[in-house]
Amino acid sequence: MRGQNVEAYLVGGAVRDGLLGRATRDVDVAVRGDAQQLARGLADRLSGHFVSLSETFGAARVVVPVDGSRFSVDLVSFDSSIGADLARRDFTIDAMAVALGDAVSGHWMLMDPHGGRVDARDGKIRAVDAEVFRADPARMMRAVRLAASLKFSLDSETAAQIRRDARLILSVSPERVREELLKTLAEEGARDSVRLLDDLDLLSPLIPELDDARGVDQPKEHHWNVFDHMVESVGYVEQVLGQAHEANGQANGMVLRLLPRFEGMEEHFASEVTDGHTRRTLLKLTALLHDIAKPATKTIEPSGRMRFFGHADEGARMVGEILRRLRVGRRGVRLATTMIRHHLRPRQMAQDGALPTRRAVERYFRDLGEAALDTLYLNISDFIAERGPELTEEQMAEQSQVIAHVLDIGLDLERATKPAPHLIDGNDIMAVFGLGPGPLVGVLVSAVAEAEATGIVNTREEALDLAKRRLKSGGVRA
């Protein structure tokens, strides 16, 4: 790199985001040479943290703390030429490069052998060639995630290539599938992303249990069949949590006006809960699966009444199997299955027109624990998706009154029993030191919590400094 006579290029998302005028805290650099050795030197010069990503493929990360957050540089080695390196990439908008010296000076001479600049201008996700998905099938899901993140559309030929190779997604490790799926759901417009996954023939291989719900009718109160109801519920989660900035059906304005909120609601749903992902993202995944057992439990009584007796309990069992198959963490599985098992309960705690008793609400919060608040918002998202565009203001107001009543009592209980928050948590440690989810993060959190409890650390800065010293000294064991 500069001063070391190393051939180095800014590549990938940083170049794309620069052309789009998007800020980024993650930079990719391709180097001819030993990326691991260069990364160690860069970490020393910047007082950053070195993280080995792959010794086999010559990749490393340097994480530099900046204002309580972090800036990361990923270095990867290339052997033959930068042109050959770009040809191995997935999408044209990520197959551009700028010599690092030019990037630092601000005088970009763009290397764009595959037309990425035009595709970025036109808002297109286009594969570099016809074999990119066969080389790495996880790229098919990344295409959907990029489309969601950038608000781009898929090139028609690229979409056809994904449909051709869709079944290859089964060869991808469950952990990679989980990450791409959760990152996609984290973006605004997750309902449309689910529809796109389905249109590209990716949804069925990922979660084949959803296929049984296609076209399954529901009682007349329901606007959609079971499959469409679950997909629409994902969009309504975004509405009730305030993530959807544009109308997602006719209920949008009414939902935002009448929906009960609570102090700290945004922070609650933005907090990390499983595998580095937030409660908001997990709630959207849970909404997609919440009625998964309805087809298996559907019955028609002699009177003609349609019932789905036991679908919540059976659904919790099925979703537990699905999430474990996707290698979702134990906490995430526990929260999602608890939400599904109890997703009807807020509406069942009292007779129609009445409010639940304090004893019923106390029992609800005691039984559901940390899933209680999230389940309230799954319940109301489910309710809105039940009626869809036919939802009336009177119906919304009545349901909101119940949820508000449950919230008032539940939050009183929480305030009376909630311990003081810790100075830092696992999310802080991962962000500042560039660590991924894992036992090491838990060890550092425990070390800081013990020091906090005994008065050794008393501020956030002292807590982070202790974690840094323990990490650097090697005095932690996972």
### Separation of the Leu170 and Lys472 label points, Cα + 7 Å toward Cβ, nm
5.1
### Task
Give the residue from Leu182, Val172, Phe152 lying farthest towards the positive end of the charge dipole for segment 134-202; charges sit on Cβ (+1 for Lys and Arg, -1 for Asp and Glu) and the dipole is referred to the Cα centre.
Val172
### Task
Set Lys and Arg Cβ to +1 and Asp and Glu Cβ to -1, take the dipole of the chain about its Cα centre, and tell me which of Leu288, Leu196, Ala397 lies farthest positive.
Leu288
### Task
Please give the length that would be gained between Arg121 and Arg317 if that part of the chain were fully extended, namely 0.36 nm times their separation in residues minus their C-alpha to C-alpha distance (nm, one decimal).
65.9 nm
### Query
What's log10 of I(q)/I(0) for segment 31-91 at q = 0.21 Å⁻¹, Debye sum over Cα points only, no solvent?
-0.80
### Query
Relative to the Cα centre, what is the charge dipole magnitude of the chain, using +1 at the beta carbon of each Lys and Arg, -1 at the beta carbon of each Asp and Glu, and rounding to the nearest 20 debye?
880
### Summary
Other residues with Cβ under 9 Å from the Cβ of Lys284 give, with Lys and Arg +1 and Asp and Glu -1, a net charge of +1
### Summary
For the Leu256, Arg366 Cβ pair and Förster radius 30 Å, calculated FRET efficiency rounded to 0.05 is 0.45
## Note on the structure
Relative contact order in percent for the chain (Cα pairs under 8 Å, 6+ apart) equals 11
### Summary
For segment 1-122, the Cα gyration tensor yields equivalent-ellipsoid semi-axes (√(5λ), largest first, whole Å) of 23, 17, 13
### Query
Please identify the chymotrypsin sites (Phe, Trp or Tyr not before Pro) of segment 51-107 that satisfy two criteria: DSSP loop assignment and at most 12 other Cβ atoms within 10 Å. Which are they?
Phe57
### Query
With no solvent and one point on each alpha carbon, what is the Debye value of log10 I(q)/I(0) for segment 439-478 at q = 0.17, 0.33 Å⁻¹?
-0.37, -1.15
### Message
I'd like to verify something in the chain: which complete DSSP H helices, judged by Cα projection on the helix axis, reach 24 Å or more and average at least -0.5 on the Kyte-Doolittle scale?
### Response
393-417
## Note on the structure
One finds, for Arg45 and Glu7 with R0 = 22 angstrom and r their Cβ-Cβ distance, a FRET efficiency to the nearest 0.05 of 0.70
### Rel. contact order, % - alpha carbon contacts under 8 angstrom, at least six apart, segment 1-122
28
### Query
Hey, which lysines would be in cross-link range of Lys294, C-alpha to C-alpha under 23 Å, not counting anything within fewer than 8 residues on its own chain?
Lys220, Lys284
### Task
Describe numerically, in nm with one decimal, the distance between label points set 7 Å from Cα along Cα→Cβ at Glu398 and at Glu157.
5.6
### Label-point separation, Glu267 to Glu462 (7 Å along Cα→Cβ), nm
2.1
### Query
Dipole size in debye (nearest 20) for segment 208-417 around its Cα centre, Lys and Arg Cβ +1, Asp and Glu Cβ -1?
700
### Query
From the Cα gyration tensor of segment 208-417, with a ≥ b ≥ c the square roots of its eigenvalues, which class applies: rounded if a/c is under 1.5, or else prolate if a/b is larger than b/c, or else oblate?
rounded
### Message
Nearest 5 percent is fine: what portion of the DSSP beta bridges confined to the chain is antiparallel?
### Response
75
### Task
With runs of 4+ DSSP H residues as the only contributors, calculate the mean residue ellipticity of the chain at 222 nm using -39,500 (n - 2.57) per run, divided by the residue total and rounded to the nearest 500.
-16000 deg cm²/dmol
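Bear in mind that the values in this text are calculations on the coordinates, not laboratory data. Please read all numbers here as calculations on a predicted model, not as lab measurements. Positions of Cβ are backbone-derived with ideal geometry, glycine not excepted, and every protein chain shown enters the neighbour counts.
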